[in-house]
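Novice: Handing you this structure, nothing more for now.
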Amino acid sequence: MQYSRPGEFNAPIEPQAITPIVEEVLLLARHSIEQQKVELVKELNATGIVEVNRPQLLQVLINLMVNAAHAITDNGRIWVRTYDWIEDGQSIGVKIEIEDEGIGISKKDLGRIFDPFYTTRKDGTGLGLSLSYGIIKRLGGTIEVKSTVDIGTVFTIGLYHKAKADQQLEAV
């Protein structure tokens, strides 16, 4: 139900430190990571506070972690990085990166990965990345992906200190 109607499960948007959220994600995604025999590399350096809906951000990050683990076919690494987002010498928020040494995403597929119901996995629904994109955009944040086939993929989420109020509500 949360996947089909994420707006109905809105916790308040509140100032949060990112490190405790990422640590919780790593605990929740541990099973998928261990199952794939993946090495996890943590580089959690963010110090800034950002306004987020904690349960929805957890959902986004768990989805990205599980996808990263599934993309790795033979013992690989996943890096989870957080750092302060600095532009023009000013801290404007926090960035979160999830990088894997997986199979990568082809250029043909890269343009469609955020489309609802688009999946390349036989057991996938095609909803995870679409919903993740919507959640981050509702906060006024950014989500970017870079990928090279047979090398890996990096998802980068940018979250602002102050959520963009004009983008928090979706038109019905």
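Novice: Across bins of 5 angstrom width beginning at 0, how are the C-alpha pair distances of region 32-74 distributed, in whole percent?
Specialist: Calculated P(r), rounded to whole percents: 5, 18, 20, 23, 17, 11, 5, 1.
Novice: OK, next. Pull up all non-local amide H partners of residue 44: gap of 5 or more, or a different chain, and H-to-H distance under 5 Å with H placed in the peptide plane.
Specialist: Excluding prolines and chain starts, which carry no amide H, the hits are 82.
Novice: Hey, rough spin-label estimate for residue 44 and residue 84, points 7 angstrom out along Cα→Cβ, what's it come to in nanometres?
Specialist: Result: 1.8 nm between the two label points.
Novice: Take region 6-166, compute every pairwise Cα distance, and split them into 10 Å bins from 0; I just need the percent in each bin.
Specialist: 11, 41, 36, 12, 0
Taken together, the values in this text are just the output of simple stated rules run on the coordinates, not laboratory data. Note that the coordinates shown come from a computational prediction; the quantities given were computed from them, not determined experimentally. Using ideal geometry, Cβ is built from the backbone for each residue, glycine included, and neighbour counts are taken over all protein chains shown.
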